[in-house]
Amino acid sequence: MISQPNRQCTVELQALPSRIRQVRRIVSAQLRYWQLDPLIDQAALGVTELLTNVHRHAQPDKMCTVDIRLLLDRLTVSVHDHDPRLPTIREADPLDVCGRGLALIEAVSESWGVRAEGDAGKVIWFTLPAPSGAAPPRHRLYGATTDGPFSPGSPAGGPFTGFRTVTGKREHTAARSAVVG
């Protein structure tokens, strides 16, 4: 499901390599649509690293939800999976070919963190500062942006059957060719 109310995009998927590439393109296209082109590389790298961690490590399944939100002057990217085990940053040797994902996220983001959700799994998030003029109008009231994603009960679950776009009250299935990037 992809939803876009108030500058939010949510994608539910099974973290398989082919799906990770699709989500990377969706995130890039969404940020272009929001005119946040300077954040595309960092956000795409971060979401790729988080989804790769789900693919490699998450148990009991690879189902997850990616959520990107623009609130005030922060873009928050989060991934919720069903594995309650929390990740750790480890020191990778110079010749290691993996094990640098969270260190990369730490290096490219303004802040990042993990929120345990008990038996429901965990959420890993990171924030990027949005360029001036990209924030939504100030006449709406938004909460603090430093604690990561704001929907502790965000939807996750059910088998991935494709992308659904929700716009207002009408729903339609998006064609794969609709994603550019």
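Odds and ends about this structure:
- Extending 7 Å from Cα along the Cβ direction at E110 and again at R21 yields two label points whose distance is 3.3 nm.
- Descending by average beta-carbon neighbour count within 10 Å, the peptides 23-32, 108-117 line up as 23-32, 108-117, the highest first.
- Added length on full extension, which subtracts the Cα-Cα distance from 0.36 nm per residue, A103 to H57: 14.9 nm
- Bins of 10 Å from zero: percent of alpha-carbon pairs in region 1-74: 19, 54, 24, 3
Coordinate-derived values only; no laboratory data. Bear in mind that the values here come from a model prediction, so they are computed numbers and not experimental data. Don't worry about glycine lacking a Cβ; one is built from the backbone with ideal geometry, like all the others, and counts go over all protein chains shown.
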